[in-house]
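What follows is a short report on a single structure.
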Amino acid sequence: MPDKTVFLCAINNVLSGGCPEDCSFCTQSARHRAPIQRYNFKDPTTVLAEARRAHSYGALGYCLVTAGKGLDDAKTDYIASLASLLKRELPGLHLIACNGTADAQQLRHLAAHGIESYNHNLETSRRRYPEICTTHSWEERYATCEAVKSVGLSLCSGGIFGMGERPEDREDLLESLAELEPDSVPLNFYLPHPSLPLTERTLGRPEALEIIRRAAEKMPGLSILMVAAGREALFAGREEEIFEAGANAIVLGDYLTAAGEDPDRDRQRLLALGYRIAEQCHA
Ligand code: SF4
């Protein structure tokens with residue numbers, strides 16, 4: 001990243017909680033009974049106001065996330081209508097959908113309404129996946145990523161590190177991601193929660209930096225290598241380290257069910273460090 005440009009992405013959890021799947025890292029799984037806010041189909045006016053605010057702080061990517069295993073007709077129509085609204089009101093945003101497993105027809109429908117990227121993480125290595133989720137397979141996740149590419153949407157796919165995986169699982173996950181040739185890769189560092197089976201993050205800052213370096217090495221053609229969840233816990237006040245390791249993007253503001261840094265503080269800090277906020281998306 002020779003010109004020190006940082007891409008900022010914000011996420012909006014537009015349908016939260018109540019998911020019947022058993023992903024052991026996720027507070028939105030109903031099985032874990034985590035004390036999170038639950039709601040169905042957030043009001044579009046609220047989503048627009050939140051997107052406007054994120055954009056005002058420099059967020060260029062805007063990701064519409066729904067809890068649950070995957071898209072159905074109601075979710076597809078809802079995300080498509082949100083995309084139409086945001087595209088009309090905030091045409092500068094690069095719109096991303098993150099709604100779980102999806103087929104080509106659903107993805108085409110989203111693309112026709114303004115969604116430009118689809119985020120679907122592989123989460124961890126194929127070998128390790130059955131240890132963190134038993135209700136759906138890693139292969140289903142991979143197939144959705146392939147479907148995203150088949151319809152011409154930009155693919156955003158990454159994973160979560162620090163969930164007890166071994167070094168070889170980290171390598172294998174990065175290898176699988178590299179095979180998919182995504183346009184952007186979000187690296188999440190596990191956010192422990194007392195309600196979840198995994199109560200600790202099993203890595204520290206040096207390992208996280210090594211993962212960023214390895215991802216950058218393995219996928220030199222990536223448009224966006226993003227550090228997402230866990231940044232505040234591991235790198236607060238040391239953000240330059242993640243960019244020096246090869247990342248060029250961060251999530252601005254809150255995560256799905258966890259608070260993030262104040263977006264204005266993040267933005268001011270990046271500018272003070274001499275970074276430029278990206279004004280165009282190449283993903
Ligand atoms: S499918 Fe998605 S929302 Fe449901 S538990 Fe897994 S990660 Fe959470």
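Being in contact with a helix residue (DSSP H, G or I) (Cβ under 8 Å, 6 or more places away or on another chain) and under 25 Å from T257 (Cα atoms) is the requirement here; does G152 meet it? Walk me through how you get there before you give the answer.
Working: in contact with a helix residue (DSSP H, G or I) (Cβ under 8 Å, 6 or more places away or on another chain): yes; under 25 Å from T257 (Cα atoms): no.
For G152, the condition - in contact with a helix residue (DSSP H, G or I) (Cβ under 8 Å, 6 or more places away or on another chain) and under 25 Å from T257 (Cα atoms) - is not met.
For a quick check of your reading of the model, give me the residue pairs whose first member lies in segment 159-179 and is within 17 Å of T144 (Cβ to Cβ) and at pLDDT 95 or above, whose second is among the aliphatic types (A, V, I, L, M) and not in a helix (DSSP H, G or I), with beta-carbon atoms closer than 7 Å and at least 6 apart or on different chains.
Short answer, once both residue conditions are applied: G159/L122; L173/L122; S176/L122; L177/L122; L177/V185; L177/M219.
Could you tell me whether Y118 is at pLDDT 95 or above and touching a strand residue (DSSP E or B) at 6+ places or on another chain (Cβ under 7 Å)? Can you show your working first?
On the way: at pLDDT 95 or above: yes; touching a strand residue (DSSP E or B) at 6+ places or on another chain (Cβ under 7 Å): yes.
Against the criterion (at pLDDT 95 or above and touching a strand residue (DSSP E or B) at 6+ places or on another chain (Cβ under 7 Å)), Y118 qualifies.
Restricting attention to segment 29-79, which residues are within 16 Å of the ligand (Cβ to nearest atom), over 19 Å from T144 (Cα atoms) and without any contact (Cβ under 8 Å) to a residue 12 or more places away in the chain?
S29, R31, listed by residue number.
Can you go through R128, R108 and tell me which one is within 22 Å of Q28 (Cα to Cα), more than 12 Å from the ligand (Cβ to nearest atom), open to solvent by 10 Å² or more (accessible area, probe 1.4 Å) and touching a residue at least 40 places away in the same chain (Cβ under 8 Å)?
Working: R108 fails: within 22 Å of Q28 (Cα to Cα).
Among R128, R108, only R128 is within 22 Å of Q28 (Cα to Cα), more than 12 Å from the ligand (Cβ to nearest atom), open to solvent by 10 Å² or more (accessible area, probe 1.4 Å) and touching a residue at least 40 places away in the same chain (Cβ under 8 Å).
Checking the conditions here, which among A74, A54, A49, A34 is open to solvent by less than 20 Å² (accessible area, probe 1.4 Å) and either over 24 Å from P194 (Cα atoms) or modelled with pLDDT of 95 or more (or both)? Break it down into steps so the answer makes sense when it comes.
Working: A74 fails: open to solvent by less than 20 Å² (accessible area, probe 1.4 Å); A49 fails: open to solvent by less than 20 Å² (accessible area, probe 1.4 Å); A34 fails: either over 24 Å from P194 (Cα atoms) or modelled with pLDDT of 95 or more (or both).
Among A74, A54, A49, A34, only A54 is open to solvent by less than 20 Å² (accessible area, probe 1.4 Å) and either over 24 Å from P194 (Cα atoms) or modelled with pLDDT of 95 or more (or both).
Determine, yes or no, whether A259 is under 15 Å from the mean Cα position of the chain (by Cα) and in contact (Cβ under 8 Å) with a residue 40 or more places away in the chain. Before you say what the answer is, go through the steps one by one.
On the way: under 15 Å from the mean Cα position of the chain (by Cα): yes; in contact (Cβ under 8 Å) with a residue 40 or more places away in the chain: no.
Here the answer is no, as A259 does not meet what is asked.
Of all the residues that make up segment 111-125, how many are within 16 Å of the ligand (Cβ to nearest atom) and open to solvent by 10 Å² or more (accessible area, probe 1.4 Å)? Give the derivation first.
Pass one, segment 111-125, residues within 16 Å of the ligand (Cβ to nearest atom): 118-124.
Remaining after also requiring open to solvent by 10 Å² or more (accessible area, probe 1.4 Å): 119, 121, 123.
Residues meeting the conditions: 3.
Could you give every pair whose Cβ atoms fall below 9 Å, whose first residue belongs to segment 12-28 and is more than 16 Å from T124 (Cα to Cα) and touching a residue at least 40 places away in the same chain (Cβ under 8 Å), and whose second residue is charged (D, E, K, R) and near the ligand (Cβ under 7 Å from one of its atoms), counting only separations of at least 6 or pairs across chains?
Final answer for the pair search is C19/K69; P20/K69; E21/K69; Q28/E21.
Which numbered condition trips up R88, out of (1) within 16 Å of the ligand (Cβ to nearest atom); (2) free of Cβ contacts under 8 Å to residues at least 60 places away in the same chain?
Exception for R88: condition (1).
Name the residues in segment 228-244 that are assigned to a loop (DSSP other than H, G, I, E, B), more than 15 Å from P186 (Cβ to Cβ) and of a type in the set (G, A, S), would you? Step through it out loud before you land on a result.
The first filter runs over segment 228-244 and keeps only residues assigned to a loop (DSSP other than H, G, I, E, B), leaving 228-230, 236-239.
Add one more test, that the residue is more than 15 Å from P186 (Cβ to Cβ), and what stays is 236-239.
Matches in segment 228-244: A236, G237.
With respect to L222, is the statement that it is closer than 24 Å to G100 by Cβ, touching a residue at least 12 places away in the same chain (Cβ under 8 Å) and not β-branched (V, I, T) true? Before the answer, list the steps.
On the way: closer than 24 Å to G100 by Cβ: yes; touching a residue at least 12 places away in the same chain (Cβ under 8 Å): yes; not β-branched (V, I, T): yes.
Yes, satisfied.
Hey, any hits in segment 147-157 for a residue that's within 12 Å of the ligand (Cβ to nearest atom) and within 17 Å of the chain's Cα centre (by Cα)? If you could, list the steps in order and put the result at the bottom.
At the first step, the residues of segment 147-157 found to be within 12 Å of the ligand (Cβ to nearest atom) are none.
Within segment 147-157, none of the residues are within 12 Å of the ligand (Cβ to nearest atom) and within 17 Å of the chain's Cα centre (by Cα).
Just to be sure I understand, how many residues within segment 104-158 are more than 21 Å from A216 (Cα to Cα) and of a type in the set (G, A, S)?
Of the residues in that region, 9 qualify.
Considering only residues of segment 41-85 that are among the polar types (S, T, N, Q) and over 18 Å from the mean Cα position of the chain (by Cα), which is nearest to G253 (Cα to Cα)?
The initial filter retains those residues of segment 41-85 that are among the polar types (S, T, N, Q), namely 45-46, 56, 66, 76, 81, 84.
Cutting the leftovers down to over 18 Å from the mean Cα position of the chain (by Cα) gives us 45-46, 56, 76, 81, 84.
On the way: T45: 19, T46: 16, S56: 12, T76: 25, S81: 24, S84: 23 Å.
Ranking the candidates gives S56 first.
Please determine whether any residue of segment 195-203 is farther than 20 Å from G246 by Cα and free of Cβ contacts under 8 Å to residues at least 24 places away in the same chain.
Our first condition is that a residue be farther than 20 Å from G246 by Cα; within segment 195-203, this holds for 195-202.
Now drop any that are not free of Cβ contacts under 8 Å to residues at least 24 places away in the same chain, which leaves 199-200.
So far as segment 195-203 goes, yes, one or more of its residues are farther than 20 Å from G246 by Cα and free of Cβ contacts under 8 Å to residues at least 24 places away in the same chain.
Just the residues that are over 20 Å from I211 (Cβ atoms) and assigned to a strand (DSSP E or B), please, taken from segment 245-283.
R276, I277
Quick one: how many residues across segment 160-218 are assigned to a loop (DSSP other than H, G, I, E, B), open to solvent by 30 Å² or more (accessible area, probe 1.4 Å) and within 19 Å of A236 (Cβ to Cβ)?
The number of residues fulfilling the criteria is 5.
The values are calculated or read from the model by the stated rules, or taken from the named source; none is laboratory data. In this text, all values refer to a predicted model and were calculated from it rather than measured experimentally. A quick note on method: Cβ atoms are made from the backbone with ideal geometry, for glycine too, and the neighbour counts reach across all protein chains shown. Please note that ligands, DNA and RNA were not included when accessible areas were found on the heavy atoms of the full protein model with its side chains. Shrake-Rupley method; radii C 1.70, N 1.55, O 1.52, S 1.80 Å.
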